[in-house]
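The values are calculated or read from the model by the stated rules, or taken from the named source; none is laboratory data. Just so you know, these numbers come straight off a predicted model, no measurement behind them. Methodologically, a virtual Cβ is constructed for each residue, glycine included, from the backbone with ideal geometry; neighbour enumeration extends over all protein chains shown. To get the accessible areas, we keep the full protein, side chains included, count just its heavy atoms, and leave off ligands, DNA and RNA. Shrake-Rupley method; radii C 1.70, N 1.55, O 1.52, S 1.80 Å.
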Amino acid sequence: MNTKLINEVKEFYITEFNTKPFLIFSPGRINIIGEHTDYNDGFVFPAAIDKGIAAAFQKSNSGISTAYALDMNSKVEFKLDELKPLKEGSWENYVFGVIAEIKNRNKVVDNFNIVFKGNIPSGAGMSSSAALENSIVFGLNELFDLGFTKEEMIFISQKAEHNYVGVNCGIMDQYASMFGVKDHALLLDCRTIKAKPFKIEFKNHELLLINTNVKHSLSDSAYNDRRSACENIAKILHVSALRDATEDDLESIKDEVTPANYQKALYVIQENARAKKASKAMEQNDIEKLGDLIYCSHKGLSEQYKVSCDELDFLVEKAKESGYVIGARMMGGGFGGCTINLIEKGKAEMFEASVSKAYKEKFNKDCSVYFVKLADGTHLVK
Ligand code: GLA
């Protein structure tokens, strides 16, 4: 299904640079449960998907490097020793950030040309950013024989996001994109960076994404604020991360934090427990339980962690009302993007029709519905 995308990137590269590139495909991700737990050293349950970024690479002898973002029809030429972050929202920051982080690790990168294009809807909460970062670090690792392990590469991607993009993200997205396993979701312990794959084959249900097609502004600063609030509370509790705290621990310092931050920390502690419970439910084939946990996750994200928005809440409400979606919640950082729905097989079309109509009536805009397949992580295209 990505062959068309990969060929397009390849053909463009050949026309532009007159040489054959090698190609990387790097996927986006979904997350079943465990939201905003990754930067609290907790558990997450993501999976790589069959949508992502295709990137073509080759060395350049022209004394300069070039990057083409085909989606945006945009090109930048740059010198490797003059990299600095551009203004917020610039796609170049992903490229420059990854190169800068590689150089920080004392590895030598020479001039190169890259062309890339993706098929993940941007702002959908499906990690097009991590897919792009991973494609770049993976490609440069191949091109210049840098000898990084996959684990080192995901930390380079993450640091690029912190230092050049300005989002202090956790490690979930980069991990899922790099280490994805076809047909599996990964229960990842974000402290040890070890994951257990779970084959996803529900008997009577399937996963469906619905994109609100909105991305509310200020989501990056809201994300960073939440991360620091969590870290501050962990400090007050004398633990290295909220993963180590219990609800009782939190209760004991209730007077030292604002009610809003108390709720946020409580959400994290509870969500971390839910992610672990979800893996048990899956082991026991208890799909109803899994669905309940997913609905509870949304309630926490919306009412306690406060990263949802009207559009996401509306879609989750419609899912509940339908009677055949047994779990739904917002997915990713929040403030827009997709909901993930665990829906009875054979009901998707009906649900799509009713939810699309209701969404349009309410918000005067369209939502989009996607099925995704769970796929392998970042790889060289042979
Ligand atoms: C974004 C970040 C991740 C994670 C999620 C929320 O996708 O990049 O690290 O924190 O939000 O779970």
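Observations
- Residue in region 172-181 that is touching a residue at least 12 places away in the same chain (Cβ under 8 Å), closer than 27 Å to residue 49 by Cα, assigned to a strand (DSSP E or B) and open to solvent by less than 70 Å² (accessible area, probe 1.4 Å) present: no
- Every residue from region 10-38 that is within 16 Å of the ligand (Cβ to nearest atom), in contact with a helix residue (DSSP H, G or I) (Cβ under 7 Å, 6 or more places away or on another chain) and hydrophobic (A, V, I, L, M, F, W, C): 32, 33
- Where residue 347 falls short, out of the listed (1) under 23 Å from the mean Cα position of the chain (by Cα); (2) surrounded by fewer than 24 Cβ atoms within 10 Å (Cβ to Cβ): (1)
- Meets criteria (touching a Phe, Trp or Tyr at 6+ places or on another chain (Cβ under 8 Å) and not polar (S, T, N, Q)) for residue 39: no
- Criterion: within 21 Å of the chain's Cα centre (by Cα) and open to solvent by 60 Å² or more (accessible area, probe 1.4 Å) - qualifying residue of 264, 280, 254, 276: 276
- Evaluating residue 188 against the criteria (1) assigned to a helix (DSSP H, G or I); (2) within 12 Å of the ligand (Cβ to nearest atom) leaves one unmet condition, (1).
- Matching residues, region 39-56, being away from the ligand (no atom under 16 Å from the Cβ) and either more than 30 Å from residue 11 (Cα to Cα) or buried (at least 24 other Cβ atoms within 10 Å of the Cβ) (or both): 54, 55, 56
- Failed item in (1) at pLDDT below 95; (2) of a type outside the set (Lys, Arg); (3) surrounded by 13 or more Cβ atoms within 10 Å (Cβ to Cβ), with residue 82 passing the rest: (3)
- Residue 185 being touching a Gly at 6+ places or on another chain (Cβ under 8 Å) and either of a type in the set (A, V, I, L, M) or open to solvent by 40 Å² or more (accessible area, probe 1.4 Å) (or both): no
- Of the residues 365, 318, the single one that is open to solvent by 60 Å² or more (accessible area, probe 1.4 Å), on the phi < 0 side of the Ramachandran plot and among the basic types (Lys, Arg) is 365.
- Residues that are within 9 Å of the ligand (Cβ to nearest atom) and either open to solvent by 20 Å² or more (accessible area, probe 1.4 Å) or in a helix (DSSP H, G or I) (or both), drawn from region 155-167: 158, 161
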